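So the structure is just underneath, and the comments pick up after that.
The values are calculated or read from the model by the stated rules, or taken from the named source; none is laboratory data. This is a predicted model, so every value here is computed, not measured. All Cβ positions, glycine included, derive from the backbone under ideal geometry; neighbour counts span all protein chains shown.
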Amino acid sequence: MAGCAGEPSPAAGSPREAETETEAEAATADRSAEGHVSDGSASRPAQPQPQASQPYQSVTSGMLVFQSDVAGRPKIFTIDVANGQVRQLTRGTDWRDESPRWSPDGQWIAFTSNRAHYGAQPEGGTPDLDVYVMRADGTQVRRITTDAGNDHDPSWTPDGQALVFSSDRASRGDLYRVRVADGHTDRLTTNFVGRAIMPAVSPDGRTVAFAAQTLRVGAFWNFQVHLLEVASGRTTPVPASGGACWPAWSPDGRRLYNVQLEVEPSAIQRRDVSTGEVRLAHANPTLWSYYPRVSPDGQWLALSLSPEHHDGENWDLALVSTSDPARRLPLTTGPGNDRLPDWRPR
């Protein structure tokens, strides 16, 4: 059984104080790391960036945010689905910026980064990941979590006031909720078997879908999707979801999409939440499929595709029709790994 690509790896860290990063501080940090500012000026040396597929064609519109390591460590980019224009939002050669997610109003992007351990005044200890937010244009970067440990895959609550994320700060992996305004954090699961990771908050905010290695298959533990009822704290496994990870909700909350690892290369499944009916949403005999996210109109899946799983890798973004799984449109091409796309709400 193949592992789930992009799953968090454990590491240690150190406690630290809350931090707010202004645009000026962000520019200072980028100068110390790169020798140039990150203000979009013409004086900045050109950097590699993900390339839109050529010839570029699109049948829909919208904006995707995603991470790419095309220039080294992962950074955050956007791509305009209508015309293929790519824009880099974060910079810095030393640190990692990962797992971007649009806020419900489309004005902010949450992401994770270990940048606090680099720059002009680096913190000590292992460079672990924290949750940050920034404006949609990459400005006003602000740190949200400060605990030791690695915080992964933030997912906004529908009101835009909080983020649910997974962390190894006090266990191998549990779910937490943090208020964006003041950093107040609640623990949602405690020592969950098989690690609670890859959370996705439902559109109504009542449920969090997540993945955990809880199914025994021979000598190995298999991934499975679980649902957390936020109000009660009750968790239940999704039936017939063996080998499933990276859950994603449809905009109306009626369906869950997930990566299916029971087949190789991996495929994307769609399941009806109320009936449990499972259908194939996308599969390709030569490409691994990962990180599904549904467009605001429910018509398209954004995902990452690669001819390899963990060895070598070469992930590129693509769109797949939700009504016709065989209809696929490439979005990016070239070197580097373009992962974890997310649609900007309309």
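Some points to look at:
- Residue match in region 106-126 (condition: crowded, with 17+ Cβ neighbours inside 10 Å and either of a type in the set (K, R) or outside the structural domain of Y176 (by TED's automatic domain parsing) (or both)): yes
- Matching residues, region 225-246, being within 20 Å of the chain's Cα centre (by Cα) and either assigned to a loop (DSSP other than H, G, I, E, B) or farther than 17 Å from N258 by Cβ (or both): G243
- Residue check for A170: of a type in the set (A, V, I, L, M), modelled with pLDDT under 95 and out of contact with any His (no Cβ under 9 Å at 6 or more places or on another chain): no
- Total residues in region 216-250, condition over 26 Å from W343 (Cβ atoms) and either aliphatic (A, V, I, L, M) or in contact with a Phe, Trp or Tyr (Cβ under 7 Å, 6 or more places away or on another chain) (or both): 4
- Residue within region 84-99 that is buried (at least 21 other Cβ atoms within 10 Å of the Cβ) and under 22 Å from P203 (Cα atoms) present: yes
To keep it simple, each residue is scored yes or no on (1) loosely packed, with under 15 Cβ neighbours inside 10 Å; (2) on the phi > 0 side of the Ramachandran plot.
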residue	(1), (2)
A231	yes, no
T236	yes, no
A240	yes, yes
G243	no, yes
S250	no, no
N258	no, no
A267	no, no
A281	no, no
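- There is at least one residue in region 167-177 that is among the aliphatic types (A, V, I, L, M) and in the same structural domain as N150 (by TED's automatic domain parsing).
- Filtering region 220-270 to residues that are closer than 16 Å to T207 by Cα and among the small types (G, A, S) leaves A231, S232, G233, A248, S250, G253.
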